[in-house]
Amino acid sequence: MYNRRKFIKLSAAGASLAVVSTDLLAKTVTAAPLAAGLPIVISTWGFGIAANQEAWKTLSKGGRALDAVEAGVKIPEADLTNHTVGRSGYPDRDGHVTLDACIMDEKGNCGAVAAMEYIAHPISIARLVMEKTPHVFLVGEGATQFAVEQGFKKERLLLPSSEKAWKEWLKKAEYKPIINIEDSKGIPGNQYNHDTIGMLALDVKGNISGACTTSGMAFKMHGRVGDSPIIGAGLYVDNEVGGATSTGVGEEVIRNVGSFLVVELMRQGYTPEAACKEAVQRIIKKKPDTAKEIQVGFLAINKKGEYGAYAIQKGFSFAVCNKNKQDLLIKGKSFY
Ligand code: SD4
């Protein structure tokens, strides 16, 4: 588990990134290469390390980026200690666990589900929406119904620990996100602040795919959907340019069509980090007072395998996995 490992911060010569090794046994820490070579997979937050390692199994065998990202993000979706993604996610304020996810491949195909209940792996349903229906997006009961038709089992996703946290929250019923509390405690999310896994991979052929999955903001209004399942907001990939994904307060990402913006900026020649920075600055410029109190982070990769990130607040990290290093955790730069 990444939360038990030691974090070592280095300044990366030549690369404007702080690099963090999470391996206690590592004697040396490799600075992040700007172009790491292919294949490569990157994802948001510390729990991205285990997810990347799973994706790597597919990528290292020459497999397709799409298969890699689906397999990768299923790791936090299945993790019962993670209350922010998939099974055991914290519920909405009415006690429903509702999940959001989307996936996009190198051909521009995409699929998404939102506000879906009772199905533990929303990313796989998003992929099936993409591959087996003429549609892009299924929500609520329709998404659950489709999942059941595809052979998925309906199950109770509200686990006792999440139910306890919800009942605790109900006593005050006050929603106050605490910025980055997940990483400060080494836990990828608590009842007041959620993480999302957004993952981007380039396979040996240089094809890109991305996946994004979350249980959304804890104790959100019933029916609330954030940026994570929205193509262009929580995730966007374009095989000519690269890809981007986001984490944080989804409403601000949707308002600025964040991931699409990052990819289009890279198309204009911005580096991944500069594109993420510009997207963050748009959010800050439009709502300077709100921005002081919230976190939004973008993560991006271009077709050369160069990656970068930028967040509103300190504390955002992302995981990188390539042939040189399987457990790299990097601190993204931030505005504040
Ligand atoms: C949402 N963006 O539902 C997600 C939550 C998240 O860190 O990423 N939190 O708005």
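The values are calculated or read from the model by the stated rules, or taken from the named source; none is laboratory data. Computed from a predicted model, the values in this text were never measured in an experiment. Heads up, the Cβs are rebuilt from the backbone with ideal geometry, glycines too, and the neighbour counts pull from every protein chain shown. The protein model used for the area step is the full one, side chains on, heavy atoms only, and it has no ligands, DNA or RNA in it. Shrake-Rupley method; radii C 1.70, N 1.55, O 1.52, S 1.80 Å.
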**Message:** Restricting to region 242-256, name every residue that is touching a residue at least 40 places away in the same chain (Cβ under 8 Å), polar (S, T, N, Q) and more than 8 Å from the ligand (Cβ to nearest atom).
**Reply:** Thr245
**Prompt:** When you scan region 220-249, how many residues do you find that are open to solvent by less than 10 Å² (accessible area, probe 1.4 Å) and touching a helix residue (DSSP H, G or I) at 6+ places or on another chain (Cβ under 8 Å)?
**Reply:** 14
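Go through region 222-235 and give me each residue that's within 12 Å of the ligand (Cβ to nearest atom) and in contact (Cβ under 8 Å) with a residue 60 or more places away in the chain. Explain how you work it out, then say what you get.
Here is the first cut: in region 222-235, the ones within 12 Å of the ligand (Cβ to nearest atom) are 224-230, 233-235.
Residues satisfying the conditions are Arg224, Val225, Gly226, Ser228, Pro229, Ile230, Gly234, Leu235.
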**Message:** Among the residues in region 306-318, are any over 23 Å from Thr84 (Cβ atoms) and at pLDDT 95 or above?
**Reply:** yes
**Single condition Gly142 does not satisfy, out of (1) more than 25 Å from Leu200 (Cβ to Cβ); (2) modelled with pLDDT under 95** = (2)
**Breaking point among (1) open to solvent by 50 Å² or more (accessible area, probe 1.4 Å); (2) modelled with pLDDT under 95; (3) at positive phi, for Val257** = (2)
**Message:** I'd like the full set of residues that are over 15 Å from the mean Cα position of the chain (by Cα), open to solvent by less than 10 Å² (accessible area, probe 1.4 Å) and over 17 Å from Phe47 (Cα atoms), limited to region 308-336.
**Reply:** Ile312
